[in-house]
Amino acid sequence: MSATIIDGKQLAQKKGEMIKTALERLKTQGITPGLAVMLVGEDPASETYVRNKQRACERMGIHSRLIRLPTTATEQHLLDHVVQLNEDPHIDGILVQLPLPVHISTETVIRAISPEKDVDCFHPLNVGKMILGETGFLPCTPHGILVMLKEIGVTLSGKHVVVVGRSHIVGKPVGQLLLNEDATVTYCHSRTENLSSFTKQADILIVAVGRANLITEADVKEGAIVIDVGMNRVNNKLVGDVEFASVRDKAAFLTPVPGGVGPMTITMLLENTVYAATKARA
Ligand code: GUN
């Protein structure tokens, strides 16, 4: 079997058209949604992510503002910016790019963001609402994965989803979103013994660890759906956590890296920004 490759770029463009329609409607009411992105330090990966987010905003006609702070910035300095942005009527979404330098508490900074402007869905209040299945922001990468799965028409109810990775950004929330869709969810992580025995049971395997080629053909059930969230630079080439060439021959569906989950994450961020502006101003 050769897997159908899920084209995240194409799906992101399709969703982008729907976002554009919502933006045009807002424009007739004199509303231009605004996203503020805070970048502390000069981590090259973060620089790339932030640049991609800004470009996407520009393409769509969403106002974007970049606030750059040096690695030496204090936590208070960052918090002062957050407070200002919380009160700024032109800013609907606030995103603090992670990771932050070690002397700054990520928890404190995230809690300072107004839950109404928390387009990453990192604030504990929004995480709680998401777990309870209440209406509100959904986290960008997990939501992008859910949209992809719905696009290929898979029934999620009763399916065994195995999530490898338990980060607050991807692993934990994607499992919760799929649990809300009535999937049976197993979490695996760095301390899991005999990882392969779990991954081989997955109807849907989601890998978000950050280790190149962690999952090979031997770890995958024939006909599984494999979602690769990894973004690893190997010999200056971007690769995922899944060994694409071998898994492609065993899976039914597979996301590529790049061009899979990545573009969907950005599209969901734009959607959250439009949602925030609509809720606050329309
Ligand atoms: N760092 C890596 N992924 C993300 C993300 O989705 N949001 C933020 N704020 N930082 C990140």
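Just checking, does the stretch 135-146 include any residue being more than 27 Å from VAL209 (Cβ to Cβ) and either assigned to a loop (DSSP other than H, G, I, E, B) or within 13 Å of the ligand (Cβ to nearest atom) (or both)? Yes, the conditions are met somewhere in the stretch 135-146. Going through (1) modelled with pLDDT under 95; (2) within 15 Å of VAL274 (Cβ to Cβ); (3) among the hydrophobic types (A, V, I, L, M, F, W, C) one by one, ILE62 falls short only on (1). Close contacts from the stretch 93-122, counting a first residue that is of a type in the set (Ser, Thr, Tyr) and a second that is within 10 Å of the ligand (Cβ to nearest atom) and in a strand (DSSP E or B), with Cβ to Cβ under 9 Å and a gap of 6+ residues or different chains, come to THR106/VAL96; SER114/ILE94.
The residue of the stretch 80-110 that is nearest to the ligand (Cβ to nearest atom), among those that are charged (D, E, K, R) and within 22 Å of TYR49 (Cβ to Cβ), is GLU107.
Residues in the stretch 54-88 that are exposed (fewer than 15 other Cβ atoms within 10 Å of the Cβ) and more than 19 Å from ASP120 (Cα to Cα): 9 in all.
Quick one: which strands (runs of 3 or more DSSP E) lie wholly within the stretch 220-282 and hold at least 1 residues that are within 25 Å of LYS15 (Cα to Cα) and of a type in the set (D, E, K, R)? Outline the logic, then answer.
Details: elements: 225-228, 232-234, 237-239.
The qualifying strands (runs of 3 or more DSSP E) are 225-228.
Residue count for the stretch 1-14 satisfying the condition of being of a type outside the set (Asp, Glu) and surrounded by fewer than 19 Cβ atoms within 10 Å (Cβ to Cβ): 8.
Here GLY259 clears all of (1) free of Cβ contacts under 8 Å to residues at least 60 places away in the same chain; (2) away from the ligand (no atom under 16 Å from the Cβ); (3) among the small types (Gly, Ala, Ser) except the condition numbered (1). Inside the stretch 4-60, residues that are in a helix (DSSP H, G or I) and either touching a His at 6+ places or on another chain (Cβ under 8 Å) or among the polar types (S, T, N, Q) (or both) make up a count of 9.
The values are calculated or read from the model by the stated rules, or taken from the named source; none is laboratory data. Because the structure is a prediction, the values reported are computed rather than measured. Cβ: placed from backbone, ideal geometry, glycine included. Neighbour counts: every protein chain shown.
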